[in-house]
Amino acid sequence: MFFSTQNITRFAKLETPFYYYDLDLLQQTLERCAGAAKVYNFHVHYAMKANFNTRVLERIREAGLGADCVSGGEVARAVDSGFANGQVVFAGVGKSDKEINAALDLDIFCFNVESIQELEVINELAAARGRKARVAIRINPNVDAHTHHNITTGLDENKFGINSWDLPVCADMLKRCPALEFVGIHFHIGSQITNLDVYKNLCVRVNEFATWFEERGFVVKVLNVGGGLGIDYHNPEGQIPDFEAYFKIFHDFLSVRPNQEVHFELGRALVGQCAAMVSRVLYVKNGKKKNFVVLDAGMTELMRPALYQAYHQIENLSRVDAGGTSVKYDVVGPICESTDCFGKEVELPESKRGDLIALRSTGAYGEVMASKYNLRDEIRSVYSDEVQ
Ligand code: LLP
């Protein structure tokens, strides 16, 4: 069980809110992923944006994964945390000169380049430093990820990647620019993808683009298919994503050449289920139309519900064994915004001031997206090996 009676008793003495990390579950998830990837000799880079908590990163590095970064800050953090420079990739539509220079100096494995102009800039900056920059071309494949529109990235209307009609210019530039070394092609079509058939469509497009580059004399060493594998937010208990089925799709549908490497950038699937945000009920307001439970955590600590209407399972830890009446509550935070709501009409045991409330599946895009709005205190982290 994610929460034991012993843990909950320990929590009672702790200041809330905090993110609680189950490091054993994280470990099991990492082992399952690494084991499943190894079957096909696939390489996994962890998408650090999902969670860069120090102890989480430590486990991920120990599991042998690389790091997928989207800012100079993440590149620096990856290297400082002990990820090998040669296992760091750097994506993002708006890399600044400062960030590019720092990554060149660190000699990272590769830049995932998202526009023609960026290629030009990387070439200039690398040449000025007497270096060669390894680059992969992020292609927008126009594949629908069938996920929330706010986290869809691979359609023509999205800002990410280079569109197929710009590839001839891109290929010319790669041939002309002496400070660029082409290593392969990169894709990422969206996040929280639960319909695995979507990846079959992606594979078809990847094969087409790889052939397109080969026909023009390029050696495509790396096929980087990004991340996006979703988790089951409705059944968080004991859930480890089906990495075996996920990787098998790529094995079955990608045409991988000898000596070609297949890279993945998983974030949510690796860390999503290993944390819960734990907070306390400050007030219960029973109204005529609605009952409210007001927590000491809000959208400043967990932004996903306000930003994407995301669902997180809500549990009253202080009344797990309570039989009897349940009440429907809107579970809200203390922030002066109407979107500061974690769930509407949530059925919970009758709740009281001081009860501990958990929001499950918050290991990905939880702690990292916390903000200082309303000058809130920074949220703390508690680890399973501290409360056992
Ligand atoms: N690679 C690239 C280039 C990405 O942009 C992302 C995520 C990933 C990999 C990792 O995707 P994952 O495996 O975690 O789905 N804040 C949103 C999710 C934004 C995802 C952004 N890109 C949320 O809370 O749902």
Order of Lys288, Lys132, Lys372 from fewest to most other C-beta atoms within 10 Å? Lys288, Lys372, Lys132
First measure r as the distance between the Cβ atoms of Ser326 and Ser81, then evaluate 1/(1 + (r/R0)^6) with R0 = 45 Å and state the FRET efficiency to the nearest 0.05. 0.55
Unit-weight point scatterers at every alpha-carbon of the stretch 256-355, Debye formula, q = 0.10, 0.18, 0.20 1/Å: log10 I(q)/I(0) is -0.36, -0.87, -1.05
Only helices counted: for the chain, with every DSSP H run of 4 or more residues adding -39500 (n - 2.57) and the sum spread over all residues, [θ] at 222 nm is -9000 deg cm²/dmol
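Neighbour counts of other C-beta atoms within 10 Å: give me Phe111, Phe247 arranged from fewest to most.
By the 10 Å Cβ count, ascending, the order reads Phe247, Phe111.
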Of the convex hull drawn through the C-alpha atoms of the stretch 23-272, the volume per residue in Å³ is 115 Å³
What angle do you read, to the nearest 10 degrees and between 0 and 90, between the alpha-carbon axis of helix 97-106 and the longest principal axis of the chain? 80 degrees
In Å, what is the Rg of the alpha-carbon atoms in the stretch 112-178, and how long is Dmax? 13.9, 44
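Too long at a 24 Å Cα-Cα cut-off: which of Lys159/Lys248; Lys288/Lys352; Lys132/Lys221; Lys49/Lys132; Lys95/Lys132?
Where the Cα-Cα span goes over 24 Å, the pairs concerned are Lys159/Lys248; Lys49/Lys132.
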In degrees, nearest ten, helix 167-176 long axis to first principal axis of the chain (Cα): 60 degrees
If I stretch the segment between Met173 and Tyr308 completely, what's the gain in nm (0.36 nm per residue apart, minus their alpha carbon distance), one decimal? 44.8 nm
What GluC sites (Glu not before Pro) does the stretch 227-297 have in DSSP loop regions with at most 15 other beta carbons within 10 Å? Glu237
Sparse-neighbourhood loop hits (GluC sites (Glu not before Pro), the stretch 323-388; DSSP loop; Cβ within 10 Å at most 11 others) -> Glu378
Loop-only check: which chymotrypsin sites (Phe, Trp or Tyr not before Pro) in the stretch 12-82 are DSSP coil with at most 16 other Cβ within 10 angstrom? Tyr40
Would you kindly state how much longer the chain becomes between Gln27 and Glu208 on full extension, computed as 0.36 nm times their sequence separation minus their alpha carbon distance, in nm to one decimal? 61.5 nm
Subtracting the Cα-Cα distance from 0.36 nm times the residue separation, let me have the gained length for Thr54 to Ser96 in nm, one decimal. 12.6 nm
With angles folded into 0 to 90 degrees, how steeply does helix 243-253 sit against the dominant principal axis of the chain? Use alpha carbons for both and round to 10. 30 degrees
Going fewest to most other Cβ atoms within 10 Å around each Cβ, Thr152, Thr211 line up as Thr211, Thr152
Just how far, in whole angstrom, is the stretch 364-388 from the stretch 308-323 if you go by their alpha carbon centroids? 18 Å
What distance in nm lies between label points placed 7 Å from Cα along the C-beta direction at His146 and Leu14? 3.8 nm
Once you place label points 7 Å from the Cα toward the Cβ at Asp232 and Leu155, how far apart are they in nm? 2.8 nm
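All of the numbers you see were taken from the coordinates with simple rules; none came from a lab. For clarity, every value in this text was computed on a predicted model and none was experimentally measured. Positions of Cβ are generated from backbone atoms using ideal geometry, with glycine treated the same way; all protein chains shown enter the neighbour counts.
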